[in-house]
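What follows is a short report on a single structure.
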Amino acid sequence: MYLSVFHSLHYVSQFKYLDHIIEHTFCDDSNVNMELRNLFARVNVLIRRFSYCSTQVKLRLFKSYCLCYYDIALWQNYHVSVGNKLTSAYVKCVKLFFGIPKYGSVSAMLMQLNLPSFNTVLHNARVAFHSRLTLSGCAVMNAIRLVGCVI
């Protein structure tokens, strides 16, 4: 807590701004955990409402509702264990939604359904974000890039 003559400012360990949790450690674990919960919630809704649909319909629904992660391209500082939880949750959700056996091959499943792995989703989001920043022509971004900061 910071005290001045007129005001006292209280420090918080984290706060939410535009649905992005900013922690005092600048760690993204809270955001990853929030997306983990959202992924399970979305897949449970899809399973409950669309379990009897064809595989093509399920693919369209899964790609529309479960491959859209908010601010995933901004995740830079998170623990490996949290990232592994999200990766395994992604695989588990695919298996649950498409009715694939628990011990079935993950790579064969993703190839058969023509779905990207979670690492591919993360990589594509980062590349797309970086290319949008590069092509934006924003003076502030160009100045940051000239200084040599990693964006």
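The values are calculated or read from the model by the stated rules, or taken from the named source; none is laboratory data. Fair warning: this is a prediction, and the values are worked out from it, not measured in the lab. Here Cβ is always computed from backbone atoms with ideal geometry, including for glycine, and neighbour counts include all displayed protein chains.
Here are a few things to note about the model shown:
- Tallying residues that are touching a Phe, Trp or Tyr at 6+ places or on another chain (Cβ under 6 Å), hydrophobic (A, V, I, L, M, F, W, C) and under 22 Å from Ser107 (Cα atoms) within the range 63-89 yields 0.
Yes/no matrix, rows are residues, columns are (1) surrounded by 11 or more Cβ atoms within 10 Å (Cβ to Cβ); (2) at pLDDT 95 or above; (3) under 13 Å from the mean Cα position of the chain (by Cα); (4) under 19 Å from Asp29 (Cα atoms):
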| position | (1), (2), (3), (4) |
| --- | --- |
| Val43 | yes, yes, no, no |
| Tyr65 | yes, no, yes, no |
| Tyr70 | yes, no, yes, yes |
| Ser81 | no, no, no, yes |
| His130 | yes, no, no, no |
| Thr134 | yes, no, no, no |
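- Among the residues of the range 64-107, the ones that are hydrophobic (A, V, I, L, M, F, W, C), part of a loop (DSSP other than H, G, I, E, B) and touching a residue at least 40 places away in the same chain (Cβ under 8 Å) come to 2 in all.
- Residue selection: Leu96 fails the criterion of being of a type outside the set (Val, Ile, Thr) and exposed (fewer than 11 other Cβ atoms within 10 Å of the Cβ).
- Conditions (1) farther than 22 Å from Ser105 by Cα; (2) under 14 Å from the mean Cα position of the chain (by Cα); (3) surrounded by 13 or more Cβ atoms within 10 Å (Cβ to Cβ); number of the one not met by Cys53: (2)
- Per the conditions (1) in a loop (DSSP other than H, G, I, E, B); (2) under 14 Å from the mean Cα position of the chain (by Cα); (3) surrounded by 12 or more Cβ atoms within 10 Å (Cβ to Cβ), the sole criterion not satisfied by Leu36 is (1).
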